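Working notes, beginning with the structure itself.
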Amino acid sequence: MHIRCGYEISYQCDQYTPMMLMLSVHPSRAADLLTPGIISLNPPTSATQHQDQFGNTRLRIIGPPGSFTISTDFTIRDSGQPDEYAPDAWQHPVEDLPDDALTFLLGSRYCETDKMSDIAWSLFGATPPGWARVQAIVDYVHQRITFGYPFARSTRTAAEAFEERQGVCRDFAHLAVTFCRCMNIPARYCTGYLGDIGVPPVDAPMDFSAWFDVYLGHRWYTFDARHNTPRIGRILMARGRDATDVAISTSFGPSRLAGFHVFTDEVAA
């Protein structure tokens, strides 16, 4: 299938403000692009692009004083298949994990493994290791947290989401990632596009989505604690330890979000 994706995001700056943007399609999906995923800046401003330590494409800009807009509009090819289901995927002993997976066992800004370890083992210690254990974590988080855009808070951690029992997709992902790491399963936070393809449409403004990957059976698999069902049409932008690594924008000075519009829709091939 073909999916059209894009956004128009506006910021207001009081002065020239350095910013880092994580708004490009992930390099792993670059070969699927049918039209260039060019990011436009209005008014034009200085911009340089590079890959960060997790392989994401990062754009560095100088936000000008006043209002400016970042936008893109592209079409990408997708398999049209839902997230893979592999119930026989096994859990690796920590000593057998590849070196690059070890980072995703550690605590991070929003994933406090030190605070949540005892809780995780009490909840999931008796579950079968591997796919079944991850699914048990996803089921638990899906049931524990109530989703709602009014519940969004950029500083909420996994431990706070566990206590408050409410949040948005990033909170579902942070708590599930934290529990997986506590159970010695490497887990990485992901963000990107996820439209209402193959499911009843939701009467709410489109936003970017957060999910997570786990390392089982010598590869990474996708899980989604908010939706808790295989979905079609995920378009990855970035992945890292948690939302800190994949924030759509990081400002080094005063800036305010002034406008936000995201779209992702299936289109005729």
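The set of residues in the stretch 132-170 that are crowded, with 21+ Cβ neighbours inside 10 Å and under 23 Å from Tyr85 (Cα atoms) comprises Arg133, Val134, Ile137, Val138, Val141, Cys169, Arg170. Please go through the stretch 77-120 and give me each residue that is farther than 30 Å from Glu266 by Cβ and in a loop (DSSP other than H, G, I, E, B), ordered by number. Across the stretch 77-120, the qualifying residues are Asp88, Trp90, Gln91, His92, Pro93, Leu97, Pro98, Leu106, Gly107, Arg109, Tyr110, Glu112. Of all residues in the stretch 234-253, those being over 26 Å from Pro200 (Cα atoms), under 14 Å from the mean Cα position of the chain (by Cα) and part of a loop (DSSP other than H, G, I, E, B) number 8.
Can you find a residue that is assigned by TED's automatic domain parsing to the domain that holds Pro150, within 10 Å of the chain's Cα centre (by Cα) and not aliphatic (A, V, I, L, M) anywhere in the stretch 174-187? Checked against the condition, which is being assigned by TED's automatic domain parsing to the domain that holds Pro150, within 10 Å of the chain's Cα centre (by Cα) and not aliphatic (A, V, I, L, M), the stretch 174-187 yields at least one hit. Out of Pro64, Pro128, one residue alone is over 19 Å from Tyr189 (Cβ atoms), free of Cβ contacts under 8 Å to residues at least 60 places away in the same chain and surrounded by 14 or more Cβ atoms within 10 Å (Cβ to Cβ). It is Pro64.
Across the stretch 41-53, a minimum of one residue is classified as closer than 21 Å to Ala247 by Cβ, within 19 Å of the chain's Cα centre (by Cα), loosely packed, with under 15 Cβ neighbours inside 10 Å and free of Cβ contacts under 8 Å to residues at least 12 places away in the same chain. Evaluating Ala238 against the criteria (1) buried (at least 19 other Cβ atoms within 10 Å of the Cβ); (2) closer than 28 Å to Val94 by Cβ; (3) touching a helix residue (DSSP H, G or I) at 6+ places or on another chain (Cβ under 7 Å) leaves one unmet condition, (3). Looking across the stretch 157-203 at every residue that is out of contact with any helix residue (DSSP H, G or I) (no Cβ under 8 Å at 6 or more places or on another chain) and hydrophobic (A, V, I, L, M, F, W, C), the one that is nearest to Ala136 (Cα to Cα) is identified as Ala173.
Quick grid of which residues meet (1) among the small types (Gly, Ala, Ser); (2) in a strand (DSSP E or B); (3) crowded, with 20+ Cβ neighbours inside 10 Å:
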| position | (1), (2), (3) |
| --- | --- |
| Gly192 | yes, yes, yes |
| Asp196 | no, no, no |
| Pro201 | no, no, no |
| Ala204 | yes, no, no |
| Ala210 | yes, yes, yes |
| Ala225 | yes, no, yes |
| Asn228 | no, no, no |
| Ile232 | no, no, no |
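Before we move on, is Thr72 surrounded by 11 or more Cβ atoms within 10 Å (Cβ to Cβ) and out of contact with any helix residue (DSSP H, G or I) (no Cβ under 8 Å at 6 or more places or on another chain)? Here the answer is yes, as Thr72 does meet what is asked.
Suppose the filter is closer than 22 Å to Asn56 by Cα, modelled with pLDDT of 95 or more, of a type outside the set (S, T, N, Q) and surrounded by fewer than 21 Cβ atoms within 10 Å (Cβ to Cβ); does His218 pass it? Yes, satisfied.
The values are calculated or read from the model by the stated rules, or taken from the named source; none is laboratory data. Because the structure is predicted, anything quoted here is derived from the model rather than measured. FYI the Cβ positions are ideal-geometry reconstructions off the backbone, even for glycines, and counts take in every protein chain you see.
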